[in-house]
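Down below is the structure, laid out as structure tokens.
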Amino acid sequence: MKKLIPLTARDRYRPAYQQVLKWFQRQHQTIVQSSVFPKPSAWHDAKKEFSDVIDSAQLYAIAGKEFGILQVENEIVPFLDYVAEHTPVVIGEIGLKHGGNSFMFLRKLQDVTLYLGMDLVLENISKLKFYRRDQQQMYILEGNSQLPAIVNKARQHLAGRQFDFLFIDGDHEYAGVLEDLIQWYPLVKPGGLIALHDIVPDEEAKTGVRPAGRLWGGGVYKLWANIKPHFEHKEFVNDWDQGGFGIGVITKPDDHPLSEELVAQWKADGE
């Protein structure tokens, strides 16, 4: 019979401690984001330096310096230019990570007036809000993008509008990214763009073994292969042998919902 090891006080109260810590972090974030809280002088200096920058390559370099970014330059730069050609006004992002992509979207896409982002863990939000363009309104949702409550909050913020552009880079499990596509597809307008990140098979997809310390693309590549024949689409891939990364974009053809038969087929392919 195994000997039971009693919980220490730290273990016993850890869940409650984490909840309290999270509450204080939210309060701190609210204070920092307030207009009366002074921003670091370095932020003011940086914003002045890039205030007129719209070149995608330059924005990529700035995003890496100010936020950190997990993108291949030869993919994200032409992708940004492509999205900019569609002059989106309302944009959304699932999976902000450090905020590097968000920064580039907000600075490159000059016609954007509404940005809605969501993630399980939020980072650099006050900095991101400070760096946005003056006319851009931002709503940031903390939580699982696949939950109806989060989707409903997004609908409330959209107030009848639809996304012109939606970037999906959150849950990378096949079932997870498919659920994001299903849940958020109705919120994109006809002719709008939906982009998926990590459409290139990673090392695990090729060998069955996930290398330690490597970024994980999950099942996005498999879902992309399934959906792209059914849409007008474009791919931004530096090298199909690079192991992960790559951006795929579909254009929503009309305001009809996704075909139930296709959704069922896509779900079955992921089982």
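The values are calculated or read from the model by the stated rules, or taken from the named source; none is laboratory data. Worth saying up front: this structure is predicted, and the values here are computed from it rather than measured. Heads up, the Cβs are rebuilt from the backbone with ideal geometry, glycines too, and the neighbour counts pull from every protein chain shown. Protein only, heavy atoms only, side chains kept; ligands, DNA and RNA dropped before computing areas. Shrake-Rupley method; radii C 1.70, N 1.55, O 1.52, S 1.80 Å.
Running Debye on the stretch 133-196 with equal point scatterers at the Cα sites and no solvent, what base-10 log of I(q)/I(0) appears at q = 0.15, 0.28 Å⁻¹? Here log10 of I(q) over I(0) equals -0.48, -1.44. Once the gyration tensor of the Cα atoms in the stretch 213-256 is diagonalised, the equivalent ellipsoid follows with semi-axes of 24, 11, 8 Å, ordered largest first. Counting only heavy atoms of the protein chains and using a 1.4 Å probe, Met138 has close to 20 Å² of accessible surface. Computing Rg and the Kirkwood Rh from the Cα coordinates of the stretch 118-161 gives a ratio, Rg/Rh, of 1.01.
Peptides 147-154, 220-227, 259-266, ordered by how many other C-beta atoms sit within 10 Å of their residues on average, highest first, read 220-227, 147-154, 259-266. Listed peptides 163-171, 233-241, 123-131 appear in the order 163-171, 123-131, 233-241 once ranked by packing, highest mean of other Cβ atoms within 10 Å at the front. Would you mind computing the Rg to Rh ratio of the stretch 44-116 from its alpha-carbon coordinates, Kirkwood style for Rh? Using only Cα positions, Rg/Rh for the stretch 44-116 is 0.93. In sequence order, the stretch 74-86 has phi-based couplings of 6, 9, 6, 5, x, 5, 4, 4, 5, 5, 4, 5, 8 Hz under the Karplus curve 6.51 cos²θ - 1.76 cosθ + 1.60, θ = phi - 60°, and Gly or Pro positions carry x. Assuming 0.890 mPa s and 25 °C, estimate D for the stretch 105-244 with Stokes-Einstein, Rh taken as the Kirkwood radius over Cα pairs, in µm²/s. Translational diffusion coefficient: 148 µm²/s. Positive contributions from Lys and Arg (+1) and negative ones from Asp and Glu (-1), summed over other residues with Cβ under 15 Å from the Cβ of Lys234, come out at -3.
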